[in-house]
Amino acid sequence: MSMTEATDLADLPLDELIACPQCDALYRARMPAMGSRAVCKRCHTVLIAPKTNAYLHLIVLSLTVVVLMVGAVTFPFLGVNVAGFSNKASVVDTALTFMDGGWMVALSMFVVAFIILIPLFRALLVLYVVAPLTLGRRPFLGARRAFGWSEDLRPWSMAEIFIIGCAVALVKVADLAKVEFGPAFFMFAALVVITVLQDINMDRWSIWKALEETS
Amino acid sequence: MEGAGRDIVSARSEGLVACRRCTRVWPMGQRSCARCGAPLASRDWGSLQRVWAWLTVGIICYIPANLFPMLRTQVLFDESEDTIIQGAVELATHGNLAIAAIILIASVAIPVGKFIAIGYLAISVARPERLRPKQRHKLYHIVEFIGRWSMIDVFVVAILSALVQLNFAASIRPGPAAITFALSVIFTMFAAISFDPRMIWDNGGRGPHKS
Ligand SMILES: [Zn+2]
Ligand SMILES: [Zn+2]
């Protein structure tokens, strides 16, 4: 970003400006060097953060998240046994545990959405949006709406909170029974790490700009 | 990011309305963002009413969440019901101090702190405020980032109930507090999302003028 006097900003075309979504500070949008970040001077929100091969990384990571999520809901997740009794629970069992009674069903729906459907849906949306951009093609139909949904759903994707919840639950259970980890546990943990890193690193501004210029 | 030299101008003061979803700016008066489709509002006064409404239902749901049991545990012929606080106290007496602290922080300190913080932020933008905008923005950022983590106790209950089903040896079932607690977290997340933090910075921290 260059030093620009306040009065100059008003003369620039609107698509050369960027406003901080958190504090409304207005800047002239200039791409910083690859790997560095343009940060709001007032509230320190990251505004632009270009990376080399960003789209390719996004695609590979989103695909990995989809594959891991499919694995995480199919394979055994956790098991316990004590005094000859044993029980296994999959991720879906865990989410549907509130199923057996009245209002609790609503809670099961929320949990399924927060830990399985929304993280999966967001990964698919990113694939849908970014795949054509990687190939230098025109975006698919509704790509802007899809990316908007992915952004709006961000706070409701709670896979990372769930995995910490697992850790807490297992400490509680450890007194009572012996715990076994299934492959789904490690798949879920891996997809949490990828999702969190992807959300931190994704340069939203570049994607919006690409969507605006090419469609 | 260097923008306007020392003096930062806002999109609003330049006669522009900014999109909070994709950071594009448009002439004042435009209704929706032509880039991402999000509705535009330079400063949304109705947002404060939504903040108060969501916050109120969030607080209302938090009361039964603490009165009713979160977990029903049965070990052999022993049955017990634990509210959030009782569960944490029991963990602490068994020596799991760290886990008890996590539960207390996620289920009590964060929700209550969040109610106070959101209420304070909503009041602060409607009247001249002493605390500097930078500090209030930091508070908003913390609320937005940490609020979701309260959901951890709901997930703990879900995992325990799914896992600990060992016939009469031991079983754990969710109590009614699980749903009201989850609703309280969801409603306060809506309250935080409804709040427009740009108002914190207007007129050097004195809030936007109603016009
Ligand atoms: Zn800012
Ligand atoms: Zn927009």
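The values are calculated or read from the model by the stated rules, or taken from the named source; none is laboratory data. Worth saying up front: this structure is predicted, and the values here are computed from it rather than measured. Heads up, the Cβs are rebuilt from the backbone with ideal geometry, glycines too, and the neighbour counts pull from every protein chain shown. Surface accessibility is based on the protein's heavy atoms, side chains included, excluding ligands, DNA and RNA. Shrake-Rupley method; radii C 1.70, N 1.55, O 1.52, S 1.80 Å.
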Testing the spin-label approximation: label points 7 Å from Cα along Cα→Cβ at A:Val60 and B:Trp45. State their distance in nm. 5.3 nm
Heavy-atom accessible area of A:Thr52 with all protein chains present, probe 1.4 Å, nearest 10 Å²? 90 Å²
Greater than 20 Å apart at Cα, pairs in B:Lys114/B:Lys134; A:Lys41/B:Lys134; A:Lys88/A:Lys172; A:Lys51/B:Lys138; A:Lys88/A:Lys178: A:Lys51/B:Lys138
Among the helices of chain B (complete DSSP H runs), which have Cα atoms covering no less than 18 Å along the helix axis and a Kyte-Doolittle mean of at least 1.6? B:110-126, B:177-194
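Given a 1.4 Å probe and heavy atoms of the protein chains only, how would you sort B:Ile102, A:Ile207, largest accessible area at the top?
Working: B:Ile102 65, A:Ile207 5 Å².
Sorted by accessible area, descending: B:Ile102, A:Ile207.
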Where a Cα-Cα gap under 13 Å defines reach, which aspartates and glutamates qualify for A:Lys209, not counting those fewer than 8 residues away within the same chain? A:Asp15, A:Glu16
Cβ-isolated cysteines (cut-off 4.7 Å), the protein assembly as shown: A:Cys166, B:Cys61
Sequence-distant residues sharing a close amide H with A:Ala29 (under 5 Å, placed H): A:Leu17, A:Ile18
How big a patch of accessible area, both sides summed and in Å² to the nearest 100, lies buried between B and A at a 1.4 Å probe? 6800 Å²
At the level of C-alpha centres, the distance separating region A:15-52 and region B:103-174, in angstrom, is 30 Å
Which of B:Tyr120, B:Met70, B:Ala158, positive extreme of dipole for region B:44-205 (C-beta unit charges): B:Tyr120
Compute the separation of the alpha-carbon centres of region B:40-61 and region A:73-91 and state it in Å as a whole number. 43 Å
Solvent exposure of region B:44-205 as accessible area per residue, Å², 1.4 Å probe: 44 Å²
